[in-house]
Amino acid sequence: MNNTMFAVAATAVAIAVLAFAHALGVDYFYFAGYTILQFIVLSTAWNILGGYCGYVNFGTAAFFAMGAYSSVFIHKLYPLPIPFLIVIGAIVSGIVGFGMGYLTLRLRGAFFSIATLAMAVVLQTLVVNWDYVGGSRGAYVIHPENLEFGALSVHYIEYLFVLMLALAVLALVTARTIERSQLGYGFATIRDDELAAESCGVPTLRLKLIATTLSGAFMGMAGAPFPYYIGYLQPQSAFALDYAVNSIAMPMIGGTTSWVGPLVGTIVLGSAQQYATVTISSAVNLLIVGLMLVGFVIIAPNGLIGLVQKRFRRQP
Amino acid sequence: MSALLHVDKISKHFGGFVALDGITLEVQPGERLGLIGPNGSGKSTLVNCICGTLQNESGSVQFDGRKMDGLSAHQRTHRGVARSFQLPRPFHSMTLADNLRVPMLYTVHTRTGPLHADNIDARCAELLQMVGLANKARQWPRDLTQVEMRKLELARAMAAEPKLLIADESMAGLSHSEIDDILALLIELNKAGITIILIEHIMSAVMSFSQRLAVLVSGKKIADGKPEDVVRDPEVVRAYIGQ
């Protein structure tokens, strides 16, 4: 299937999901679905750097929060429609990603991961001390209950759901396109052996910067509508550890070498978390992540995708 | 005829250790040069400085009439320098064919403009044929034996269509017949017009391959000339066997 065909197919699936949600007519479905879609974007974005290039980023929450806080900033300055905020969030987090890449990509392995974690702490401290966006008190972003498009009146949560659905499609199409392009080959050589990649003519530093920028930009996009979803944004929730942990765990559970991995991993883990939140407690979420990670490391080190591939054909 | 590679008084230190101490070396187009020296004499450091993996601190490296100082490894590969690694470093997650595709996509591509997918496939098959791995195109590097891994390493270097190929100990740990295999391959490549620097410990291989021999000892070049003269040079004998 070529890229255009895939984009059309993905859009069709998204429309089907939307139609199903609309027919269901339950607001809770939008709330839960939004979170899962948001994690599809985040884990796909993480996978561009972590899965394709092999650089484990622990700073997902920072990129997500940059997107969210640029929305808060614009909201206070001059409210714009959310699609514009998504673009702004992408630009801000993309720049942060580029800067982080430039500063830290000479580090490898655990050292790179620690640097990304440190960056998240630094950015959180900055936001906590920035009064204009609420500082440590947090900021209220009140949205109307319904949104009017001419004669059409849409529930605000449905509107947010549609936006996140579109972002998820965009992220998946981008990831799949990269995977099958020259860029994808380059990323894979970086993951396998950077020295050999350079000697084959692969400009590794440039490719890594492309990966950190793209990955950061998608995380920022996922964060931009978040203040409108949550209504009240504080640094502790925007920079929460859950984002970093989940966006690593989801691709790991699904499989990191293909765009399908983060998608499947997010649907499995995200749904389990949503279910646990309603039936048991939201505090169980991290326990679920932990147990599933341990389980998958033992049973399927290459994720669900690896498990399926192993079953159907001889795999490396 | 002007030299293809001109290394001019390059030096490299690692802390207080002098790895290369003012090395000068010229390689003519189409030449087969053997580079020998005891362990730790700076052979691999010299290769790394020529290929851009390391940057020399003083002196300069000229290739094909242009300076290469300060260029990164991938830029030098684009100019036409290719190398194989002492320990094979294949891309583990890719099939053999895909391993060869990388230099074509990233190096040949930049010189000639976009290549057609069919041309890339054909060239991959041709290279694998040349090194005798045609029937393993769809396998992964982990399935290869040591000698096949070396051949893949050479094939991948060749996929970048280099003018100069530096083979860094491509024969270490191989049996006699396997060494002959690799030698025949290198000579064939040389006949096709590629200049080759062979770094090797196995003297029989170096002697039968090289048109010229250079010897490094403790970061200095102590001899450079016809192989049979060089191995009789008292200083070389002293460095290898001791007094």
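The values are calculated or read from the model by the stated rules, or taken from the named source; none is laboratory data. The structure presented is a predicted model; accordingly, all values stated were derived computationally and were not measured. Cβ: placed from backbone, ideal geometry, glycine included. Neighbour counts: every protein chain shown.
Taking the criterion of being at pLDDT below 90, out of contact with any helix residue (DSSP H, G or I) (no Cβ under 8 Å at 6 or more places or on another chain) and over 20 Å from A:Y232 (Cα atoms), would at least one residue in segment A:100-107 satisfy it? Within segment A:100-107 (the criterion being at pLDDT below 90, out of contact with any helix residue (DSSP H, G or I) (no Cβ under 8 Å at 6 or more places or on another chain) and over 20 Å from A:Y232 (Cα atoms)), the answer is yes, since at least one residue qualifies. With respect to A:A211, determine if the residue is of a type outside the set (S, T, N, Q), closer than 26 Å to B:L100 by Cβ and crowded, with 24+ Cβ neighbours inside 10 Å. Yes.
Identify the residue in segment A:179-208 that is acidic (D, E) and more than 7 Å from chain B (Cβ to nearest Cβ) and, among all such residues, is farthest from B:P90 (Cα to Cα).
Checked segment A:179-208; the qualifying residue farthest from B:P90 (Cα to Cα) is A:E179.
Residues in segment A:254-279 that are small (G, A, S), more than 15 Å from the chain's Cα centre (by Cα) and more than 14 Å from every other protein chain (Cβ to nearest Cβ): A:S271, A:A272, A:A276. Listed by position, the helices (runs of 4 or more DSSP H) enclosed by segment B:70-121 include none that has at least 3 residues that are among the hydrophobic types (A, V, I, L, M, F, W, C), facing another protein chain (nearest Cβ under 7 Å) and under 22 Å from A:F187 (Cβ atoms).
Checked against (1) more than 22 Å from A:A21 (Cα to Cα); (2) at pLDDT below 90; (3) not small (G, A, S), A:E198 passes all but a single condition, namely (2). Condition check for A:L49 on (1) surrounded by fewer than 18 Cβ atoms within 10 Å (Cβ to Cβ); (2) assigned to a helix (DSSP H, G or I); (3) not aromatic (F, W, Y): one failure, at (1).
Restricted to helices (runs of 4 or more DSSP H) entirely inside segment B:142-243, those with at least 3 residues that are over 14 Å from the mean Cα position of the chain (by Cα) and surrounded by fewer than 17 Cβ atoms within 10 Å (Cβ to Cβ) are B:176-191, B:203-209, B:227-232, B:234-241. Residues being in contact with a Pro (Cβ under 9 Å, 6 or more places away or on another chain), aliphatic (A, V, I, L, M) and more than 14 Å from every other protein chain (Cβ to nearest Cβ) are entirely absent from segment A:146-159. Whenever a residue of segment A:295-314 is on the phi > 0 side of the Ramachandran plot, its partners that are hydrophobic (A, V, I, L, M, F, W, C), lying with C-beta atoms within less than 7 angstrom and at least six residues away or across chains, give the pairs A:G303/A:M252; A:G303/A:I253; A:G303/A:F296. In segment B:88-95, is there at least one residue being buried (at least 19 other Cβ atoms within 10 Å of the Cβ), touching a helix residue (DSSP H, G or I) at 6+ places or on another chain (Cβ under 6 Å) and among the charged types (D, E, K, R)? Yes: segment B:88-95 contains one or more residues that are buried (at least 19 other Cβ atoms within 10 Å of the Cβ), touching a helix residue (DSSP H, G or I) at 6+ places or on another chain (Cβ under 6 Å) and among the charged types (D, E, K, R). Scanning segment B:35-51 for residues that are closer than 9 Å to B:I199 by Cβ and in a loop (DSSP other than H, G, I, E, B) yields a total of 1.
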